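Accompanying notes for the structure given below.
The values are calculated or read from the model by the stated rules, or taken from the named source; none is laboratory data. Keep in mind the model is a prediction, meaning the values are calculated, not measured. Here Cβ is always computed from backbone atoms with ideal geometry, including for glycine, and neighbour counts include all displayed protein chains. Just so you know, the surface numbers come from the protein's heavy atoms only, side chains and all, with ligands and any DNA or RNA stripped out. Shrake-Rupley method; radii C 1.70, N 1.55, O 1.52, S 1.80 Å.
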There are 2 protein chains.
Amino acid sequence: MARTRTSLSLEQIIEAAITTLDTVGAEKMTLRGLAAQLDSGVASLYWYASGKDQLMAIVSDELLGRALDEAEALERADQPHPKQFENYPPPEPDGRTSTGTAEGLLQIRRLVLCLFAQMLEHRWLASQLIKAGPDEQNSLSYWELVGQALQNSGLDLTRQLQASMVVSTYASGMGAEVSQRAIEREAAEDAEAQHTAQIDHWASFSEEDFPFVHSVLGEFENLDEASDFVMGLDLVLSGLERLTWD
Amino acid sequence: MARTRTSLSLEQIIEAAITTLDTVGAEKMTLRGLAAQLDSGVASLYWYASGKDQLMAIVSDELLGRALDEAEALERADQPHPKQFENYPPPEPDGRTSTGTAEGLLQIRRLVLCLFAQMLEHRWLASQLIKAGPDEQNSLSYWELVGQALQNSGLDLTRQLQASMVVSTYASGMGAEVSQRAIEREAAEDAEAQHTAQIDHWASFSEEDFPFVHSVLGEFENLDEASDFVMGLDLVLSGLERLTWD
DNA sequence: TTCCATTAGCGAACATTGTTCGATAGCAAC
DNA sequence: GTTGCTATCGAACAATGTTCGCTAATGGAA
């Protein structure tokens, strides 16, 4: 009277893996835990992926794909970025910038912010994207889209290549840093207290040795976790824009 | 007639850990291996650090400290950057930029490049710096130095804070990405063949779907592993410079 | 010199994890 | 009915971070 053996599918596994990763994080997520959530055995997972690393690569590529879809949808709807970034309007292009360049930079901005939105939702994604090179399918598409947006910029080919890699690299690199800070913040039971404690700790250092840190402690309330990422992205794009002037 | 038990010191452990990490990488470095190299027992390491994580945090902070020392030495010698970056001269400041700002940006550039030099020498460093927040001593000093370089830039305090965090975050985030690619390249026995194989693989995708990738494949020979990092850094700094104009 | 608390070192065992192996059940085709 | 392929899983393996408890050295106080 054995119950029917559970039957899996890659989509189910991906789904379960995402929720597990979201709740416990990348380090703490174990194949046994994942199998248990699927009401299945550990070894079964090895039929769908060669191991934990590849499984996470597959899952990451899935989320990267969703980011690409979102970006395409936004472009069709003529939206400059996902709605959660309304407080960060794209900077005005300079008068010296060709409309082709300005449009390309806006496309890049939209694309990267869509990816960053996924990173905010899935804190483990960025560091995983770092580990897996541009081998997976969607990773290549992402790079391609960034590059296409640069083709009308007037930059020479070498610069286009360099810029495309800088932008793609920026997203995962900076995203990983921001995600890490978010993870630490969430790990503390009381995030608010943790934050003020951190600031107090910094304030405890000698003002003589750390004048800048002291001068700036009061400004933290003006920032949220997305500020760094978006400002850095806009700095890079601003620098790229300026490259096209000469 | 037992041989004298080996006596350790934190400095020895750090030294051995660095060489071990350099040779086998962060994942493959085990406490047992480290203890063996020190001709000591595993449990002994726990007297000096609370575990593997803290040990790596200590080691990372040590290397960050060396980067700070190097930057200070270079500043005293009036060198714009470590000698391995001679092929990447700092960009000319624009006429609209105050000398105070231009000097500050150069200081930041020198500092970040010194850290990046350590990352090139120690491939595991960047991703480790991501994991450990700005708690350790030298990490705070690093942030402070970046901030001090911004104090004469004319930016308001909130912008100073934001910019300082963007720059510090950029270094480890982008460094982690670049390091990861270098690790993968070294993992292959024949790095050269691996590289051309990668390019061939990209070339195998349809030119219709990936026009940019195809257009740019021939440009890879113009880049080295430091290109991305330095160009991205200069883009960020260029964007910062432009922020001070308005 | 003797005693003893502190510092430092270490072997052995533990718990957890990714991974592999071999067996087996469902199932479709011949 | 036999065969072969797909999918599943329990059990065992190997590696690793960590803890426990015991022991050796050290050096100052009695």
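Just a few scattered comments:
- Scanning region B:158-197 for residues that are under 23 Å from B:Lys131 (Cβ atoms), more than 8 Å from every other protein chain (Cβ to nearest Cβ) and touching a Lys or Arg at 6+ places or on another chain (Cβ under 8 Å) returns B:Ser179, B:Ala182, B:Ile183, B:Glu186.
- Residue count, region A:136-146 (criterion: without any contact (Cβ under 8 Å) to a residue 40 or more places away in the chain and of a type outside the set (A, V, I, L, M, F, W, C)): 1
- Candidates are the residues of region A:235-246 that are in contact with an Asp or Glu (Cβ under 9 Å, 6 or more places away or on another chain) and within 17 Å of A:Val146 (Cα to Cα); the one that is surrounded by the fewest Cβ atoms within 10 Å (Cβ to Cβ) is A:Ser238.
- Residue selected from region A:102-124 under the condition of a type in the set (D, E, K, R) and assigned to a helix (DSSP H, G or I), by the criterion farthest from the chain's Cα centre (by Cα): A:Glu103
- Subset of region B:198-223 (residues that are loosely packed, with under 12 Cβ neighbours inside 10 Å and either over 15 Å from A:Leu145 (Cα atoms) or within 9 Å of another protein chain (Cβ to nearest Cβ) (or both)): B:Asp200, B:His201, B:Ser204, B:Asp209, B:Glu221
- Scanning region A:29-58 for residues that are within 23 Å of the chain's Cα centre (by Cα) and near DNA strand D (Cβ under 7 Å from one of its atoms) yields no hits at all.
- Residue that is farthest from the other protein chains (Cβ to nearest Cβ) [pool: residues in region A:121-142 that are closer than 23 Å to A:Pro90 by Cβ and crowded, with 21+ Cβ neighbours inside 10 Å]: A:Tyr142
- Screening A:Gly147 against (1) buried (at least 23 other Cβ atoms within 10 Å of the Cβ); (2) more than 8 Å from chain B (Cβ to nearest Cβ); (3) more than 17 Å from the chain's Cα centre (by Cα) leaves a single unmet condition, (2).
- Among the residues of region A:224-246, those that are charged (D, E, K, R) and more than 8 Å from chain B (Cβ to nearest Cβ) comprise A:Asp224, A:Glu225, A:Glu241, A:Asp246.
- Qualifying residue in region B:6-14 (condition: away from DNA strand C (no atom under 13 Å from the Cβ), surrounded by 14 or more Cβ atoms within 10 Å (Cβ to Cβ) and modelled with pLDDT of 95 or more): yes
- Applying the criterion of being more than 12 Å from DNA strand C (Cβ to nearest atom), open to solvent by 50 Å² or more (accessible area, probe 1.4 Å) and under 22 Å from A:Glu121 (Cβ atoms) to the residues of region A:35-68, the residue that is farthest from the other protein chains (Cβ to nearest Cβ) is A:Gln37.
- Some residue of region A:227-234 being touching a Pro at 6+ places or on another chain (Cβ under 7 Å) and open to solvent by 20 Å² or more (accessible area, probe 1.4 Å): yes
- Of all residues in region A:201-213, those that are under 12 Å from B:Gln137 (Cα atoms) have Cβ atoms under 9 Å from Cβ atoms of residues that are in a helix (DSSP H, G or I) and among the aromatic types (Phe, Trp, Tyr), 6 or more apart or on another chain, in A:Phe210/A:Trp202; A:Phe210/B:Trp143.
- Selection count, region A:69-93, where residues are within 15 Å of A:Glu121 (Cα to Cα) and either open to solvent by 20 Å² or more (accessible area, probe 1.4 Å) or assigned to a helix (DSSP H, G or I) (or both): 4
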